[in-house]
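Here's the structure, in structure tokens; my notes come after.
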Amino acid sequence: MANFEHPAIDHLTGTPEVLRLIMAGLTEEQTLWKPAPDRWSVAEILEHLSHVEGHYFRAAMDVVLGEGNGEIEPYDQNAHAAAGAYDGREPEESFAHWEEQREDNVEFLTERLSPRTLQRTARHPELGPVSAEDLLNEWAYHDLGHVRQVAEVVRAAMYYGKLGPFRAQYPEYR
């Protein structure tokens, strides 16, 4: 089978490099900094990406592409965060683990997906029927949301304190 192309796969392929560029120059202290007690640090975001890559997205896609009417296990990121699943990890290790999984998953997606397999479905206990295309689009949407989140944390951690008088133009951080 030829390698399948889809805009979501392009986004999934590019996300690691985009994040590396956004995080360039971050210190270890800045990767651990949380903008608020109820917000995640860059380190926690990276561990979340690593965790959800295998524990949800790939696992769910395996179910959707499998034969029969499988059921997708829901993923509750708030429950995982509350249980400490994203705490205390070394950011570079989290990133490297996620990046390895991502490379494997992109290869898997380009080899296994086709216009026909995009229509396969599985049942999500909370959302009902979910197609492979729905899941693929959610995967890319999820990535882009965390790209935005990392960019906001980096923006605040690296630059807000160094804006001098320009800080007056950014009341969201006061």
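Quote the relative contact order of segment 109-174 in percent (integer), defining contacts as alpha-carbon pairs under 8 Å separated by 6+ residues. Worked out over segment 109-174, it gives 16 percent. The three principal axes of the C-alpha atoms in segment 11-160 carry coordinate ranges of 50, 29, 22 Å, sorted with the longest axis first.
Taking the longest Cα principal axis of the chain as reference, the axis of helix 42-52 is set at about 10 degrees. Taking 1 over the mean of 1/r across every pair of different Cα atoms in segment 1-62, what Kirkwood radius in Å do you get? It works out to 13.8 Å. In a simple Cβ point-charge model (Lys, Arg +1; Asp, Glu -1; nothing else charged), the chain has a dipole of about 760 debye relative to its Cα centre.
For the chain, what is the mean residue ellipticity at 222 nm derived from helices alone (per DSSP H run of n ≥ 4: -39500 (n - 2.57); sum divided by total residues; nearest 500 deg cm²/dmol)? Please report the intermediate quantities before stating the final value.
Working: 7 runs with 91 residues, N = 174.
Value at 222 nm, helices only: -16500 deg cm²/dmol.
Label zone (residue 137, point 7 Å along Cα-to-C-beta; backbone nitrogen cut-off 14 Å) within segment 105-119: 118-119.
Comparing 158, 65, 170 along the charge dipole axis of the chain, the residue lying farthest to the positive side is 170, per the Cβ-charge model.
The value obtained for segment 23-99, namely the Cα convex hull volume divided by the number of residues, is 92 Å³ per residue.
Net charge around residue 129, counting only other residues with Cβ within less than 13 Å of its Cβ (Lys, Arg = +1; Asp, Glu = -1)? Summing Lys and Arg as +1 and Asp and Glu as -1 gives -2.
Can you give me the C-alpha center-to-center distance between segment 115-130 and segment 30-65, rounded to a whole angstrom? Centre-to-centre (Cα) distance: 23 Å.
The angle between the Cα long axis of helix 91-112 and the longest principal axis of the Cα atoms of the chain comes to about 30 degrees, rounded to the nearest 10.
Every number here is computed from the coordinates shown, using simple stated rules; none is lab data. Quick caveat, the model's predicted, so the values are computed rather than measured. Glycine also receives a Cβ, built like all others from the backbone with ideal geometry; neighbour counts cover every protein chain displayed.
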